[in-house]
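Structure first, then comments.
None of the figures in this text is laboratory data; all of them are computed from the coordinates on show. Bear in mind the structure is a predicted one, so any value in this text is a computation, not a measurement. Ideal geometry is used to build each Cβ from the backbone, glycine not excepted, and the neighbour counts take in all protein chains shown.
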Amino acid sequence: MIKTKDILIFVFAFFVLFSIGFGFYLLNDIQNNYDENPYGISEIKSDSILDIQINPKLMKFFSNPIDLVEFKKKNNGYVTTTVTNGKEYYYHPKINDSILYSYNYITDNDRSKGVNEVIVFKFGENKHKFDDETEILIELRIVNNDNNLGHTSLIGFSQSELEHEFGSSYTIVDEHIIYSYQNKILILVMNNSFVQSFYYSKLNNEKIERDLIDRILQ
């Protein structure tokens, strides 16, 4: 006849063996996980990563629409300059002893459309010098084609050519195609699906609304 004492010894022995075995299992599992991911960082699956495609040509345009130094050299003698008042939407660095200059370029194209205007922020001892290399481009108002604009010569582009050049991430307001990035905006005035004129502005903030677009186009 099995005694109660024997039963208790058997149960206790089974519990000890089970505990030891379970302990080895946990230790092995933890070690495997540690080897695979020693810092405990959750891996992000590739299909959960948001893949944002930024058009490189558009980024190049916004980072430096024109080489001001070269542009002025090529157009020297065909430009008038004047101090101008800044628009409230202009980017305006907090630099003392500064002014805004307007360069008005005369091209050989249809002058009845007006002249191309370049607005720059100038400061310091070079602020009244035409060959100033420290000035900051604030705005382009281009109504006539100018070969000296280089890759910024966009007048005459079709909508499909714009999409090929800058991508299709744009907004359409009335007959205007609008690209923007951070505090910079490019507004292309379209006529029968071709660029008639365009405006580039460096803004004082990144908030772009319809009212701002209207003010730039004035």
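One decimal place: the segment GLU133-ASN96 gains 11.6 nm when fully extended, by the rule 0.36 nm per residue minus the C-alpha distance. Sorting VAL189, VAL120, VAL83 by the number of Cβ atoms found within 10 Å of their own Cβ, with the fewest placed first, yields VAL83, VAL189, VAL120. Between VAL173 and ILE178, the built amide H atoms are under 5 Å apart, and every one of these is 5 or more places off in sequence or on another chain.
Note on the stretch 56-217: Kirkwood radius taken over Cα pairs, Stokes-Einstein applied at 37 °C and 0.692 mPa s, translational D equal to 201 µm² s⁻¹.
Near LEU217: Cβ cut-off under 14 Å, other residues only, Lys/Arg at +1 and Asp/Glu at -1. The net charge is -3.
Just to confirm a number: summing +1 for Lys and Arg and -1 for Asp and Glu over residues other than LYS73 whose beta-carbon lies under 13 angstrom from that of LYS73, what do you get?
Here the count lands on -3.
For the cross-link pairs LYS74/LYS207; LYS74/LYS122; LYS57/LYS202; LYS129/LYS207; LYS57/LYS94, the ones whose C-alpha atoms lie over 28 Å apart are LYS74/LYS207; LYS129/LYS207; LYS57/LYS94. Neighbour counts of C-beta atoms inside 10 Å place THR82, THR152 in the sequence THR82, THR152, starting with the fewest.
Give me the net charge of ASP131's neighbourhood, meaning all other residues with Cβ under 15 Å from the Cβ of ASP131; Lys, Arg count +1, Asp, Glu -1. Result for the local shell: 0.
Dipole size of the stretch 56-217 about its Cα centre, with +1 on Lys/Arg Cβ and -1 on Asp/Glu Cβ: approximately 220 debye, rounded to the nearest 20. Ordering THR152, ASN191, HIS128 by the projection of their Cα atoms onto the charge dipole of the stretch 123-199, which places +1 on the Cβ of Lys and Arg and -1 on the Cβ of Asp and Glu, puts ASN191 at the extreme positive end.
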